[in-house]
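I have placed the structure first, in the form of C-alpha cells, so that the comments after it can refer back to it.
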Amino acid sequence: MSSTSDSSAATAEDPRLTRLITRKLMPLLMVAYVISFIDRTNIGLAKTHLEADMGISAAAFGLGAGLFFLAYSLCEVPSNLLMHRFGARFWITRIMVTWGLLSAGMAFVQGETSFYVMRVLLGIAEAGFFPGVMLYLTYWFTRRQRAAAMGTFLAAVPIANIIGAPLSGAILGLDGVAGLQGWQWMFLLEGMPAVVLAVVVWKLLPDGPRDAPWLSEEQAGRLEAHLEAEQEAGAAESGTHSFAGVFRDKFLLMTIAIYFCHQIAVYSLTYFLPTIIESWGEMDSFTVGLITALPWVASAAGALLLPRHATNAARSRTILVGGLAAMTAGLLIAAVAPAVVAILGFCLTAACFFVVQPIMFAVPSTRLSGATLAGGIALMNTIGILGGFVGPYVMGLLEEATGSAVSGLWFVAALVAVGALLGLRFPTRDPEFHDSVAEVGRPAAEAG
C-alpha cells in the first residue's frame, strides 16, 4: 500500500477515537448481553428441578432448550432488516422489553407443553439481538478493528456464565419462599433486569456515529465515510451485492457451516455442563454453579486476549483452525477423563469459544454492504445458531439412551473437528481494496 494510504488508514483508525467509542458503547452492550445470555441459559441449572417438579424428562428438556433457537433463528433475518430500517436504539429496546417479560414468565410453566410454548415465545422475542449488535458494531469499527471489538463484546457470554451460574444456584436456594419454588424465583429475578436496562438503552444508545453527542461532526462524518467505502470495496471484491447472492457466496456458506459446528459445542456445554458436573457426586446447587463457572473464566480470558491478534487473513486462519482444534481436544478429554481432568478439558474448550467466533462474524462485513450486510449477518446467525437447537437436543437424546451425561460429547467433538477441517480453507491473503477506502479517512488538509 502507498504511503498516502498508510497515512489515511492511520487517521481513519485513530486509537483515541477507537478507545472513545469502545468506552461509550461496549459497557452498555455487554451488560445487555450478560442479561440476555443468563435469561436464555439459566434453565440449565433448573433442569433437575423442572424434572422433579414438572415431570419434564431429559429429552423433553433438550427439545425445549433447543426450541428457543429454532424460533430465534427463523426470526433473525426479518429482525435485522427491521433494525436496519428503524434504527438500533428503538429495535434493541423493543427486544429487551419483550424478552425480559417472557423470561420472567418462565416461572409459571406448568408442564412440557407450556415449557415448549414459553421457550418458543422467548426465542421470537429475543431474535435479532445478537446479530443486531454484530451489525451495529460495523457502524463503528473498521475491518481491522472488528474482530477485537466483537471479541470484547462476546466476553459478555463467559461473564454471564461466571456470574449467572453461582447467582442462579444461590437463587434456587429460595425454594419455598412466598410459596414459590426456587426455579420460579430464578426466572422472575433474572428476567426483570432486562426490562429495566431497556430504559437505559433507549436513553443512551445512539443509532450511529452522527447521533452520538460525544463525537464531533467531523469525527462522525470521517468515520461513516471510511466504513461505507470499506464495505462497498468489500462487496465489489466479492461480487455479492444482493441477499440472494449470499447463497452463492461459497466463502460465506463455508463460514456459516463452521459457525453451525461451533454453536453446537457452545450450547451443548451451556445447557448440559451443570448436569455433567452433578453426575460427579453429591453437591448442592451453589457448588455446582461455582464449578460450572470455571470454564467460563477461561472463556473470558480467551475472548479478551486473542481476537485482537486477528488483524489479517493469515493470522485469522491460524487462530480459527487452532482454536477449533483445541476445542475438539478439550471435549475428548472431558468425555473420558475423571472429574478433575475433565474440568480442565472443558476449560480448554471454553477458552476458545469466543476466540474463533469474532473471526467468523468479521467475514460478512468484508464481503457485503447496506441491507445485504444486515441480512447476511442475520442469515449467518440463523443457520449457525440452529446448532443451539441440534446440540442440546442430541445431548438429551444420547443421555437418555445411554444413561451417561457425557455420551453426547463425542458427537459434539466430531462436528467441531469438521469445522476445524473446513477452517483450513480460509484464505491466507487479504483481498486488495480500492484506494478510496483509505482516501475517505483523510482530513481536508491532507487530501488537498
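Can you give the longest run of the chain that contains no GluC sites (Glu not before Pro) sitting in a DSSP loop with at most 14 other Cβ atoms inside 10 Å?
For GluC sites (Glu not before Pro) (loop position, at most 14 other Cβ atoms within 10 Å), the longest site-free span of the chain is 1-281.
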Checklist entry - What nm distance separates the two modelled labels at VAL199 and ALA59, each placed 7 Å from Cα along Cα→Cβ? => result 4.7
Checklist entry - Based on the Cβ-Cβ distance of LEU180 and ASP207, what FRET efficiency does E = 1/(1 + (r/R0)^6) give at R0 = 45 Å, to the nearest 0.05? => result 0.65
Next on the checklist: With angles folded into 0 to 90 degrees, how steeply does helix 313-336 sit against the dominant principal axis of the chain? Use alpha carbons for both and round to 10.
Outcome noted: 10
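Return the carbon/sulfur percentage of the accessible area of the chain, one whole number, probe 1.4 Å, all protein chains in place. Walk me through the intermediate numbers first.
Working: 10850 of 16770 Å².
That fraction is 65 percent.
Placing +1 at every Lys and Arg Cβ and -1 at every Asp and Glu Cβ, with all other atoms neutral, what dipole size does the chain have around its Cα centre, in debye to the nearest 20? Don't jump to the answer; show the numbers that get you there.
On the way: 25 positive and 31 negative charges, 110 e Å.
So the dipole magnitude of the chain works out to roughly 520 debye.
So what's the chain giving for Cα Rg divided by 2.2 N^0.38 Å, two decimals? Walk me through the intermediate numbers first.
Details: Rg = 21.8 Å, N = 448, 2.2 N^0.38 = 22.4 Å.
Here the answer is 0.97, to two decimals.
Pop out the Kirkwood hydrodynamic radius of region 67-144 from its pairwise C-alpha distances, inverse of mean 1/r, in Å to one decimal. Walk me through the intermediate numbers first.
Numbers: mean 1/r = 0.0758 Å⁻¹.
Evaluated over region 67-144, this radius sits at 13.2 Å.
I need the Kirkwood Rh of region 52-208: take the reciprocal of the average 1/r across all distinct C-alpha pairs and report it in angstrom.
Numbers: mean 1/r = 0.0587 Å⁻¹.
Over region 52-208, the inverse of the mean reciprocal pair distance is 17.0 Å.
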Checklist entry - Roughly how many Å is it from the Cα centre of region 23-87 to that of region 338-389, as a whole number? => result 15
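Could you please report the charge total around ARG425, scoring K, R as +1 and D, E as -1 over all other residues with beta-carbon less than 12 angstrom from its beta-carbon? Present the calculation step by step, with values, prior to reporting the outcome.
Numbers: positive: LYS250, ARG317; negative: none.
Around ARG425, the charge tally is +2.
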Item to check | In order through region 91-97: 3J(HN,Hα) via Karplus (6.51 cos²θ - 1.76 cosθ + 1.60), integer Hz, x for Gly, Pro | outcome: 6, 5, 4, 4, 4, 5, 4
Checklist entry - Taking Rh as the Kirkwood radius, which is the inverse of the mean 1/r over Cα pairs, what is the Rg/Rh value for region 263-372? => result 1.07
Item to check | Estimated vicinal HN-Hα couplings, Hz - region 155-172 in sequence order (Karplus 6.51, -1.76, 1.60; Gly, Pro = x) | outcome: 4, 4, 5, x, 4, 4, 6, 5, 6, x, 5, x, 4, 4, x, 5, 5, 4
Next on the checklist: If each DSSP helix of 4+ residues adds -39,500 (n - 2.57) and the sum is divided by the residues in the chain, what number results at 222 nm, nearest 500 deg cm²/dmol?
Outcome noted: -25500 deg cm²/dmol
Item to check | region 46-51 - phi-based ³J(HN,Hα) in whole Hz, Karplus 6.51/-1.76/1.60, Gly and Pro as x | outcome: 8, 3, 5, 6, 5, 5
Item to check | Point-to-point label distance, ALA257-TRP410, nm (Cα→Cβ direction, 7 Å offset) | outcome: 2.5
Item to check | Rg(Cα)/(2.2 N^0.38 Å) for region 31-102, N = residue count | outcome: 1.34
Checklist outcome for this item: So for R0 = 25 Å, FRET eff. of GLN110-ALA401 from the Cβ-Cβ r, to 0.05, ends up at 0.35
Checklist outcome for this item: Neighbours of MET30 by Cβ distance under 13 Å: Lys/Arg at +1, Asp/Glu at -1, summed charge +2
Next on the checklist: Among ALA149, ILE159, ALA298, which residue has its Cα furthest toward the positive end of the charge dipole of the chain, with +1 on Lys/Arg Cβ and -1 on Asp/Glu Cβ?
Outcome noted: ALA149
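Where in the chain is the longest stretch that carries no trypsin sites (Lys or Arg not before Pro) classed as loop by DSSP and with at most 14 other Cβ atoms within 10 Å? Present the calculation step by step, with values, prior to reporting the outcome.
On the way: sites that count: ARG248, ARG425, ARG429.
After excluding every exposed loop site, the longest remaining stretch is 1-247.
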Checklist entry - Where only protein heavy atoms count, and the probe is 1.4 Å, what is the accessible area per residue for the chain in Å²? => result 37
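The values are calculated or read from the model by the stated rules, or taken from the named source; none is laboratory data. Computed from a predicted model, the values in this text were never measured in an experiment. Cβ: placed from backbone, ideal geometry, glycine included. Neighbour counts: every protein chain shown. Surface areas here come from the heavy atoms of the whole protein model, side chains and all, with no ligands, DNA or RNA. Shrake-Rupley method; radii C 1.70, N 1.55, O 1.52, S 1.80 Å.
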